[in-house]
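For reference, the structure discussed in these notes is given below.
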């Protein structure tokens, strides 16, 4: 009798064990089959050479399971805006992952002061590059709508004597010895590094308070690709008025740099309005 009872208990326990094992295996299969959360990351669409300035067409976006993504060294789709226009210092083969360290010159340390992860008031410049601050207001600074990492065209407006008018391809002033007001594209495709001393516009937390960054600014700091560009902007700032024009996704395109005086402005306005009326 006791042996029969023990046998029944063994059969029941065995059945429970089989069910438990089956459930365990089913749970594992469900976890394996369940779609994993994906994370985007940047790769080189073509081989990138040291000293190359990154364009949107150089970048490609792939995805991997989020658990394998290295947040410290890899970059996401959202980082591409900050990468475009930067100088890369190491060769990256086509299809290889682009890392934050690729944008740091040798010997400066990996990740410290990275061009992507900036601390307030700290910027990174490549060899030969310069940073220049320009005074702006609501009219010349795109109504306080600029953000760090965006690109602008810089226009100069001021008086042009006979010699300057000739260099610009304009007829000298007919007022005899006077100077006409002219405007022309001074520099195209210039990257904004900071607004006043702010290199990013992310909200900051102080204790239990979230503090939003200031929306207005009185100066912008821009990246100059050479000391010649820096000298050009310094002289232009003291000799006339600089106006920023925010660029869209065409920031690798250089706009027409034809100078305008009043007669040419009138001719251009007719052409522009003609085009607008057809759209």
Worksheet item: Residues in segment 169-207 that are part of a loop (DSSP other than H, G, I, E, B), at pLDDT 80 or above and either surrounded by fewer than 11 Cβ atoms within 10 Å (Cβ to Cβ) or over 18 Å from the mean Cα position of the chain (by Cα) (or both): how many?
Response: 0
Response to the item:
The correct count of residues that are in contact with a strand residue (DSSP E or B) (Cβ under 6 Å, 6 or more places away or on another chain), in a loop (DSSP other than H, G, I, E, B) and modelled with pLDDT under 75 in segment 241-279 is 5
Practice prompt. Tell me, please, whether a residue that is closer than 23 Å to residue 233 by Cβ and either assigned by TED's automatic domain parsing to the domain that holds residue 72 or modelled with pLDDT under 80 (or both) can be found in segment 94-106.
Written response: no
Fill in: Residue check for residue 230: farther than 26 Å from residue 81 by Cβ and either outside any loop (DSSP other than H, G, I, E, B) or modelled with pLDDT of 90 or more (or both)
no
Worksheet item: So, of the residues in segment 52-65 that are without any contact (Cβ under 8 Å) to a residue 40 or more places away in the chain and part of a loop (DSSP other than H, G, I, E, B), which turns out to be surrounded by the most Cβ atoms within 10 Å (Cβ to Cβ)?
Response: 54
Fill in: Complete set of residues in segment 135-168 that are without any contact (Cβ under 8 Å) to a residue 60 or more places away in the chain and either crowded, with 18+ Cβ neighbours inside 10 Å or assigned to a helix (DSSP H, G or I) (or both)
143, 148, 162, 163, 164, 166, 167
Worksheet item: residue 80 fails exactly one of the following numbered conditions: (1) assigned to a loop (DSSP other than H, G, I, E, B); (2) outside the structural domain of residue 218 (by TED's automatic domain parsing); (3) at pLDDT below 85. What is the number of that condition?
Response: (1)
Worksheet item: Only one of (1) surrounded by 11 or more Cβ atoms within 10 Å (Cβ to Cβ); (2) at pLDDT 75 or above; (3) closer than 25 Å to residue 133 by Cα; (4) over 23 Å from the mean Cα position of the chain (by Cα) is not met by residue 238, so which one is it?
Response: (1)
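The values are calculated or read from the model by the stated rules, or taken from the named source; none is laboratory data. If you're wondering where the values come from, they're calculated on a predicted model, not measured in any experiment. Cβ: placed from backbone, ideal geometry, glycine included. Neighbour counts: every protein chain shown.
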